[in-house]
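What follows is a short report on a single structure.
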Amino acid sequence: MTNIILCGKSTDTSVSCALLPALEKYGGVQYFNTRQLVRLGSDKVEFFLYDCEKLPQIELESGIILFKNSFHSSEKILIPEGFLSILEMKNASAAELLNGTGAAAITCGTSSKDTLSIAGIDETSAALSLQRSVMTLDGKMVEPRDFTVRFPPKLSPTRILAVCAVLLLSGIDSANGYEL
């Protein structure tokens, strides 16, 4: 099971609203926040998504921390070696938290400096570009490449990138593109 911590204000549901349907398609998900615990998708759950405002003490071996842009914390916390982090370059609060921790992190955005960026986009599909090699949770190296993603209309580039970064780091092959 892939553990995912979605960290930021509880009122900011834009990422979870995009991430949950995608995770449901790629193996099923259990989702937990302060108000509910739900299960979506197939009988075998591949993902556990915990939505919180502050990072909890993490006593798991591996997982993904996805920082919402609404994340704000000055409290330093130990991030285990097996955890990978995803954030937008402009998320200064998350970047400051990660600074000096040695935690592996990838950035998502529209800049060529971002690890994952959008090369082209229309109403329901985009070409994404992985600018640097990344290691998946299961230790496989994903080399730089371009791949496509199909998504529902009106899904913002920020949400598309966040969801695709989670799928990539989870080890879901992008060779045939993704469908959100």
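Can you tell me which residue within segment 74-89, out of those that are open to solvent by 20 Å² or more (accessible area, probe 1.4 Å) and among the aliphatic types (A, V, I, L, M), is nearest to THR158 (Cα to Cα)? If we take residues in segment 74-89 being open to solvent by 20 Å² or more (accessible area, probe 1.4 Å) and among the aliphatic types (A, V, I, L, M), then MET89 is nearest to THR158 (Cα to Cα). Looking at segment 1-71, the strands (runs of 3 or more DSSP E) lying wholly inside it that each contain 3 or more residues that are loosely packed, with under 15 Cβ neighbours inside 10 Å sit at 37-40. Pairs linking a residue in segment 117-134 that is without any contact (Cβ under 8 Å) to a residue 12 or more places away in the chain to a residue that is open to solvent by 20 Å² or more (accessible area, probe 1.4 Å), with Cβ atoms under 9 Å and 6 or more positions apart or on different chains, are GLY120/ALA127; SER133/MET141; SER133/GLU143; SER133/PRO144.
Looking across segment 139-162 at every residue that is modelled with pLDDT of 95 or more and within 19 Å of ALA104 (Cα to Cα), the one that is most open to solvent (accessible area, probe 1.4 Å) is identified as LYS140.
The set of residues in segment 90-108 being exposed (fewer than 15 other Cβ atoms within 10 Å of the Cβ) and touching a strand residue (DSSP E or B) at 6+ places or on another chain (Cβ under 8 Å) consists of LYS90 alone.
The values are calculated or read from the model by the stated rules, or taken from the named source; none is laboratory data. Just so we're clear, the structure is a prediction, and the values are computed from it rather than from any experiment. Cβ coordinates were reconstructed from backbone atoms using ideal geometry, including for glycine residues, and neighbour counts include every protein chain displayed. Only protein heavy atoms, including side chains, enter the accessible area calculation; ligands, DNA and RNA are left aside. Shrake-Rupley method; radii C 1.70, N 1.55, O 1.52, S 1.80 Å.
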